[in-house]
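Take a look at the structure set out below.
The values are calculated or read from the model by the stated rules, or taken from the named source; none is laboratory data. Please read these numbers as outputs of a predicted model, since none were measured by experiment. Note that each Cβ is placed from the backbone with ideal geometry, even for glycine, and that neighbours are counted across all protein chains shown. In case anyone asks, the SASA skips ligands and DNA or RNA and just uses the protein heavy atoms, side chains included. Shrake-Rupley method; radii C 1.70, N 1.55, O 1.52, S 1.80 Å.
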Amino acid sequence: MNLSDQRYAMALLDAMRTERKISLSGLRSYSEVAPNSFIKWRDGSRSPSLSSFIRLAESFGFEILMVRRASGDDGEERYELRDQSGALNVLESERCARRMSFGEMEAKSGISTTAFYAWRSCERSPLLCNAVAIAETFGFRIIMRRKSTAPLPTLSKQ
């Protein structure tokens, strides 16, 4: 599921919460997410931080990935967003490969260079909507899918 539509993903997680008979007040102990935050994310009035959304999704058996169709018949590049710094290093490498200036990156994504580097160093976690914006700038999608047992590639620090 493409996370450019936060409401759809939240509706699915809310349906799973209801199906598992987890009350809104019980959500905190189940997924470490405050009920008020969940409600605002579900109705779309706020976007969750990427780290909070990952915790919530994982508590329901999902993983959050940054993906892009690979060139040729190589399938798909996939990066687990649990490794926030590694995924942002991939985007930084892509920015450099495209010879895109920081100003161009800001103009295309709406994300400041300062914010990007704060996320990359894990000083802060981006909002889900901002993570989607910066990923899409470089041809990636952020998706939520059921956890699989296949390992993902290890990201190296640059």
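Residue-wise test of (1) open to solvent by less than 20 Å² (accessible area, probe 1.4 Å); (2) at positive phi; (3) assigned to a helix (DSSP H, G or I); (4) modelled with pLDDT under 90.
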{"residue": "CYS96", "(1), (2), (3), (4)": "no, no, yes, no"}
{"residue": "ALA115", "(1), (2), (3), (4)": "yes, no, yes, no"}
{"residue": "TRP119", "(1), (2), (3), (4)": "yes, no, yes, no"}
{"residue": "ALA133", "(1), (2), (3), (4)": "no, no, yes, no"}
{"residue": "THR149", "(1), (2), (3), (4)": "no, no, no, yes"}
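Residue by residue, here is whether (1) of a type in the set (Phe, Trp, Tyr); (2) open to solvent by 30 Å² or more (accessible area, probe 1.4 Å); (3) not in a strand (DSSP E or B) holds:
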residue	(1), (2), (3)
ALA9	no, no, yes
MET16	no, no, yes
ARG28	no, yes, yes
LYS40	no, yes, yes
PHE53	yes, no, yes
ALA57	no, no, yes
LEU65	no, no, no
TYR79	yes, yes, no
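State all residues of segment 55-80 that are within 22 Å of GLY139 (Cβ to Cβ) and in contact with a Phe, Trp or Tyr (Cβ under 9 Å, 6 or more places away or on another chain); if no residue qualifies, say none. Full working, then the answer.
Kept after step one, since they are within 22 Å of GLY139 (Cβ to Cβ), are these residues of segment 55-80: 63-80.
Selection gives ILE64, LEU65, MET66, VAL67, ARG68, GLU77, TYR79.
For PRO35, the conditions (1) of a type outside the set (A, V, I, L, M, F, W, C); (2) free of Cβ contacts under 8 Å to residues at least 12 places away in the same chain; (3) surrounded by 15 or more Cβ atoms within 10 Å (Cβ to Cβ) are fulfilled apart from (3).
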